[in-house]
Amino acid sequence: MTLEKIFAEVFAIPENSVADTLELRQISSWDSMSHMFLITRIEEIFSVQLTGDEIADMKSVGDARRALQAHAVAV
């Protein structure tokens, strides 16, 4: 599963609308609960454990991609 598919699944948005520039404020369904679901899916799918700072700083698709790359995940 790709990062784009995870975002599309969690936020019920079209996968082709998911780009690194897509931010929290642009997705009305991105709230604290869906954020934690997003984190859980990312950690499950990519077998990583994100740090508290990475989780708190994740405000866009690009932020999620950079966090995964910091854990040596090719996305």
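Readers should treat all values here as calculations from the given coordinates under stated rules, not as data from a laboratory. Since this is a predicted model, take the numbers as computed values, not measurements. Backbone-built Cβ (ideal geometry, glycine too); neighbour counts: all protein chains shown.
What distance in nm lies between label points placed 7 Å from Cα along the C-beta direction at Ala19 and Ile45?
Going from the Ala19 label point to the Ile45 one covers 1.9 nm.
Indicate the gyration tensor shape class of segment 1-46 (rounded, prolate or oblate), computed on the Cα atoms with a ≥ b ≥ c the square roots of the eigenvalues: a/c under 1.5 is rounded; otherwise a/b larger than b/c is prolate and the rest oblate.
oblate
Using the Cα centre as the reference, give the magnitude of the dipole from point charges on the C-beta atoms of the chain (Lys, Arg: +1; Asp, Glu: -1; all else neutral), rounded to the nearest 20 debye.
With Lys and Arg at +1 and Asp and Glu at -1, about 80 debye.
Starting from the 7 Å offset along Cα-to-Cβ, what nm value, one decimal, do you get for the label separation of Val73 and Met1?
1.1 nm
Compute the distance in nm between two label points, each set 7 Å from the Cα along the Cα-to-Cβ direction, one at Arg66 and one at Ala12.
Placing both labels 7 Å beyond Cα along the Cβ direction yields 3.1 nm.
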